[in-house]
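Q: I have a structure I would like to understand better, so I am pasting it below and will then ask my questions one at a time.
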Amino acid sequence: MSGNYKSFLVVNPHSSGGRTGRLWEEIKNAVQEEIGDFEFAFTKATGHAIELSRSALKKGFEMIVSIGGDGTNNEVVNGFFENGKKINPTAVFGLVCSGTGSDFIRTAGVPKNFKEAVKHLSGKAFKEIDLGWMTHKSHSGGMVERYFINIASFGVGGEVDALVNKSKKRFGGKMAFLSASFRAGLFYKNRVVRLRLDNKQELERKVFNLAIANGCYFGAGMCVAPMAKLNDGIFEVVILGHLNFLERLKLSRLIYEGKHLEMAKVEHFQAQEVYAESKENVLLDVDGEQPGSLPAEFRALNSGIRLKVKER
């Protein structure tokens, strides 16, 4: 097994409504069969995965594997950095997704079935992919810095996150998102936001939601940015504009197939840097988590992290 990375697994046993914890022995055995010895730790609270990832990298681990959902992926990736710098520029990010939304793996090409996903962890093949960097207003009111690997959005998405994270997800991730999306979509009041793209183009829009996309999917399979690529150094900025009730219903039918871009009130831009602000309270959705609100600044980091991929 010398051809594998020295690996540390960050395990969120509560992801997918506790399913990850229940399956952990099976997942652990599958990983061990694939890559041999490794170390692991369970997350105990929000933010703990950042600490575990950061600590493991400082101890010399070469690959940090996220075992959980999109939120766990986000925290693990944030742990690759400290004070704005990579702890180990050659370290590799691996993942076995077992979460509510499981959206990033759809773009990354990692199977959802953990028995297939662990096959991506052996060997030393990787590809460099982009990350998003951002600053935003936290729940406590101060400005904070963080990274994201998939999609950051604001508007109804932040409201949906808040509802999903409070739910018990008894019927799985997609149903939790569908239920939350339906409830939030019925009552959400579109917000006026001001945007600046690459310090060149300024826009003011009344929006239902706005996605700043590195990956293609959010919300448990909604293909909000079908044109997104993980290695082009550019965000796809998709504005779901001032939609009324009937238009929201139409959106809910089209977005899973990526056909919503044909709607009149949907706009698409590309940018490496985005700034957004509003006089209203506009909640954020960052890789499926709800960390705060606007104002926020976003920047695409080309080749920001190494993603472990399957050996050919």
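The values are calculated or read from the model by the stated rules, or taken from the named source; none is laboratory data. As the structure is a computational prediction, the values presented were derived from the model and not from experiment. Note: ideal-geometry Cβ built from the backbone for every residue, glycine included; neighbour counts use all protein chains shown.
Okay, residues lined up against (1) among the basic types (Lys, Arg); (2) part of a helix (DSSP H, G or I); (3) not assigned by TED's automatic domain parsing to the domain that holds Tyr275:
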site: Val110; (1), (2), (3): no, no, yes
site: Ala117; (1), (2), (3): no, yes, yes
site: His136; (1), (2), (3): no, no, no
site: Tyr147; (1), (2), (3): no, no, no
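Q: Would you confirm, using the coordinates I've provided, whether Phe81 is closer than 21 Å to Ser55 by Cα, buried (at least 17 other Cβ atoms within 10 Å of the Cβ) and out of contact with any Pro (no Cβ under 6 Å at 6 or more places or on another chain)?
A: yes
Q: Checking the conditions here, which among Leu23, Leu9 is in contact with an Asp or Glu (Cβ under 9 Å, 6 or more places away or on another chain), in contact (Cβ under 8 Å) with a residue 40 or more places away in the chain, among the aliphatic types (A, V, I, L, M) and on the phi < 0 side of the Ramachandran plot?
A: From the options Leu23, Leu9, the qualifying one is Leu9.
Q: Of all residues in the stretch 48-74, count the ones that are within 13 Å of Leu9 (Cα to Cα) and surrounded by 21 or more Cβ atoms within 10 Å (Cβ to Cβ).
A: 15
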